[in-house]
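Chemist: Let me give you the structure first, and then I'll get to my questions.
The values are calculated or read from the model by the stated rules, or taken from the named source; none is laboratory data. Everything numeric in this text was worked out from a predicted model, so none of it was measured. In this analysis, Cβ positions are derived from the backbone assuming ideal geometry, glycine residues included, and neighbour counts consider all displayed protein chains.
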């Protein structure tokens, strides 16, 4: 008996040692033991860093799996899909239902899996799905067969996706939430739930769509087994809320379709239009509309979309006193309709436009397919406008008035660059025009009428802008007088100086002025301070036109002048220093008097009248100076002769005219002091 007890104790110790050894050696022989379950024709699973089992679970360092899924009934012609999944460090837990073993060879097991990371990617690399701290649970039916490895059959699977990401090329969806419930016996079809996506990005930049939400129906449509319907869909588009009642996805065709409804979209919240707190509003009003769309093969197609403006929808511009002076206003109602477009979504190129056409403000708006330059990461688009009634949307306020009419035509080449949007040589023109009235305390009220404007515009990504402008004519009307400038044209440069963005540079300006040419080589003007300086050059300026502008009634002249007028602007006033005009060739001056005037004149004045009855000048020079208050002094120096006076002896005349040129600008037709100066000026004669 003593030996029997010792043998029993030895056997018990041996059993403990065997169990302990098996437990200690479990990580080494477990993969071989589970090989039949881990390797199969449609899957391969590798366990790395497997720990030692506890009463209800086991830890691991990583799990990698390759899974091949056969073509589904909705895509029978597709090749099998191969997916690779990897789990980071985690733990597998289990709960066995041993009662099911009685009367059958099936063992039901509830499994749970927790890991610090999950990544799933198809063999094609088309996308990668990642999740942090995933938690999965499943119910398995384990078939125990004598002499063979057990077989595992999943009967249910649930995975609460929380803060996951989906990356496809440059596009990525982040903050994905979805309580995934799958029924393996029904093709892994989701069983209800709401999917939410926080943001969508293209590279580091967020796209203007966020907070996407859609619900899966609890039961699939048995009549359309290959169609998934998402209900109560919504998203924030450009910060505004948009919704769809139903979004359908045909798995057989790979096509999604729906109608996006936009309601009360506040344009003041749109990117590029939104202003910070404390700033004056730039954009006010609302949009609403419908956008039917179809998504298939990475292409979104729009058909007959339309947008309408709500009341008081406008863009506002302000002067230095923060008063509204110009607005671009849309009439309440439809302004964009019959919008048809197709845009492709490429992982490498982002979003590209492949077609666009629409009716806009009574005209048409279109664009051919966009072009993408992979070397510079730029996408180029060219928009074409035909008969778009854009001028009629412009309204003036405050000290400005008037009205613009006519349609706009042209092309706008737009480049989307990594540094921002750019416009390159946009060409816009109109056969219309309009009148702008400006009320100024210093110069009074003046109206400017222009016709057939045209512009070539280039905008760099940083905001620097060049505008080459022209017009058929510009007519200034003030106080009953008119000043006509024909074919004004020039170049304006804006926002080129980052240290002082208020600087505007005008260059290569030219215009027809009184049948002559007026030009400005360059002028830098500071809009903030009202400071700047330039020189205005005139050539072939008819002398008679200047006399007519002065309002003279007795002086007639021939010949033309040329010269430069230096202008200095300070605090929004301007002055002229050392300007001058000279005759380009010989000419004639006639001062007409009546016999009564000649009879009443004194001897000196009568000599002046006689000399100017037919004065042929060979030299005519002048100087001009003007103070900021408008007081000016014009000095004229003439040399010539009168063949009908004293046998044509040489005559030299000096005249000094003092008047307020700002008063002249107010009316363009004031009573001139030239006649008075001639009447009072002593005649200076000398023999040459």
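Chemist: Out of region 555-589, which residues are within 14 Å of residue 545 (Cβ to Cβ) and either under 44 Å from the mean Cα position of the chain (by Cα) or free of Cβ contacts under 8 Å to residues at least 40 places away in the same chain (or both)?
Modeler: 556, 557, 558, 562
Chemist: Quick check: is even one residue across region 518-536 within 30 Å of residue 611 (Cα to Cα) and part of a strand (DSSP E or B)? Break it down stepwise before answering.
Modeler: The first filter runs over region 518-536 and keeps only residues within 30 Å of residue 611 (Cα to Cα), leaving none.
Within region 518-536, none of the residues are within 30 Å of residue 611 (Cα to Cα) and part of a strand (DSSP E or B).
Chemist: Could you grab the pairs with beta carbons closer than 6 Å, sequence gap of 6+ or different chains, first residue in region 41-55 and outside the structural domain of residue 91 (by TED's automatic domain parsing), second one at pLDDT below 75?
Modeler: Every condition considered, no pair remains.
Chemist: Restricting the search to region 343-385, which residues are more than 19 Å from the chain's Cα centre (by Cα), at pLDDT 90 or above and part of a strand (DSSP E or B)?
Modeler: Residues satisfying the conditions are 359, 363, 364.
Chemist: Related question: Against the condition modelled with pLDDT under 85 and not in a loop (DSSP other than H, G, I, E, B), how does residue 139 come out, does it pass?
Modeler: Values: modelled with pLDDT under 85: yes; not in a loop (DSSP other than H, G, I, E, B): yes.
Yes, satisfied.
Chemist: Here's another thing I want to ask about it. Filter region 230-269 down to the residues that are out of contact with any strand residue (DSSP E or B) (no Cβ under 7 Å at 6 or more places or on another chain) and within 25 Å of residue 334 (Cβ to Cβ), then identify the one that is modelled with the highest pLDDT.
Modeler: By that ranking, first place goes to 245.
Chemist: As an exercise: evaluate residue 576 against (1) in contact with a helix residue (DSSP H, G or I) (Cβ under 9 Å, 6 or more places away or on another chain); (2) modelled with pLDDT of 85 or more; (3) closer than 18 Å to residue 514 by Cβ and give the number of the one condition it does not meet.
Modeler: Condition (3) is where residue 576 drops out.
Chemist: Within region 1-120, considering only helices (runs of 4 or more DSSP H) that don't extend past its boundaries, which have at least 3 residues that are out of contact with any strand residue (DSSP E or B) (no Cβ under 6 Å at 6 or more places or on another chain) and at pLDDT below 70?
Modeler: Details: elements: 2-24, 26-33, 35-38.
Correct list: 2-24, 26-33.
Chemist: Further question: Give me the residue from region 641-655 that is farther than 16 Å from residue 606 by Cβ and either in contact (Cβ under 8 Å) with a residue 40 or more places away in the chain or in contact with a helix residue (DSSP H, G or I) (Cβ under 7 Å, 6 or more places away or on another chain) (or both) and, out of that set, surrounded by the most Cβ atoms within 10 Å (Cβ to Cβ). Outline the logic, then answer.
Modeler: Of the residues in region 641-655, the ones farther than 16 Å from residue 606 by Cβ are 641, 643, 647-650, 652, 654-655.
After this cut, where a residue has to be either in contact (Cβ under 8 Å) with a residue 40 or more places away in the chain or in contact with a helix residue (DSSP H, G or I) (Cβ under 7 Å, 6 or more places away or on another chain) (or both) as well, the list is 641, 655.
Values: 641: 20, 655: 15.
The extreme case among them is 641.
Chemist: Just wondering, is there one or more residues in region 428-438 that are in a loop (DSSP other than H, G, I, E, B), within 27 Å of residue 570 (Cα to Cα) and in contact (Cβ under 8 Å) with a residue 24 or more places away in the chain? Talk me through it step by step, then tell me what you get.
Modeler: Pass one, region 428-438, residues in a loop (DSSP other than H, G, I, E, B): 431-432.
Applying the additional criterion that residues be within 27 Å of residue 570 (Cα to Cα) yields none.
No, the conditions are met nowhere in region 428-438.
Chemist: Give me a count of the residues in region 617-639 that are in contact with a helix residue (DSSP H, G or I) (Cβ under 7 Å, 6 or more places away or on another chain) and at pLDDT below 85.
Modeler: Here is the first cut: in region 617-639, the ones in contact with a helix residue (DSSP H, G or I) (Cβ under 7 Å, 6 or more places away or on another chain) are 626, 630, 632.
Still in the list and also at pLDDT below 85: 630, 632.
Qualifying residue count, region 617-639: 2.
Chemist: Related question: Condition first: touching a helix residue (DSSP H, G or I) at 6+ places or on another chain (Cβ under 9 Å) and under 19 Å from residue 363 (Cβ atoms). Now tell me which residues in region 316-334 satisfy that. Quick ask: steps written out before the conclusion?
Modeler: Step one: filter region 316-334 for residues touching a helix residue (DSSP H, G or I) at 6+ places or on another chain (Cβ under 9 Å), giving 327-331.
Hits for region 316-334 are 328, 329, 330, 331.
Chemist: Can you pull out the residues in region 563-580 that are closer than 16 Å to residue 638 by Cβ and surrounded by fewer than 18 Cβ atoms within 10 Å (Cβ to Cβ)?
Modeler: We begin by selecting, within region 563-580, every residue closer than 16 Å to residue 638 by Cβ; these are 563, 580.
Across region 563-580, the qualifying residue is only 580.
Chemist: With (1) crowded, with 17+ Cβ neighbours inside 10 Å; (2) out of contact with any helix residue (DSSP H, G or I) (no Cβ under 6 Å at 6 or more places or on another chain) as the list, and residue 521 as the residue in question, which single condition is left unmet?
Modeler: (1)
Chemist: If you check 180, 207, which single one turns out to be within 40 Å of the chain's Cα centre (by Cα), within 17 Å of residue 230 (Cβ to Cβ), part of a strand (DSSP E or B) and at pLDDT below 80?
Modeler: Working: 207 fails: within 17 Å of residue 230 (Cβ to Cβ).
Going through 180, 207 in turn, just one is within 40 Å of the chain's Cα centre (by Cα), within 17 Å of residue 230 (Cβ to Cβ), part of a strand (DSSP E or B) and at pLDDT below 80: 180.
Chemist: When the residues of region 190-204 are narrowed to those that are surrounded by 15 or more Cβ atoms within 10 Å (Cβ to Cβ) and under 20 Å from residue 137 (Cβ atoms), which ends up modelled with the highest pLDDT?
Modeler: My answer is 195.
Chemist: What tally of residues in region 640-666 results from selecting those that are at pLDDT 75 or above, touching a strand residue (DSSP E or B) at 6+ places or on another chain (Cβ under 6 Å) and either farther than 21 Å from residue 575 by Cβ or part of a helix (DSSP H, G or I) (or both)?
Modeler: Residues in region 640-666 being at pLDDT 75 or above, touching a strand residue (DSSP E or B) at 6+ places or on another chain (Cβ under 6 Å) and either farther than 21 Å from residue 575 by Cβ or part of a helix (DSSP H, G or I) (or both): 10 in total.
Chemist: Another question, then. Which of the numbered conditions does residue 669 fail, given that it passes all the others? Conditions: (1) crowded, with 19+ Cβ neighbours inside 10 Å; (2) at pLDDT below 75.
Modeler: Result: residue 669 fails condition (1) only.
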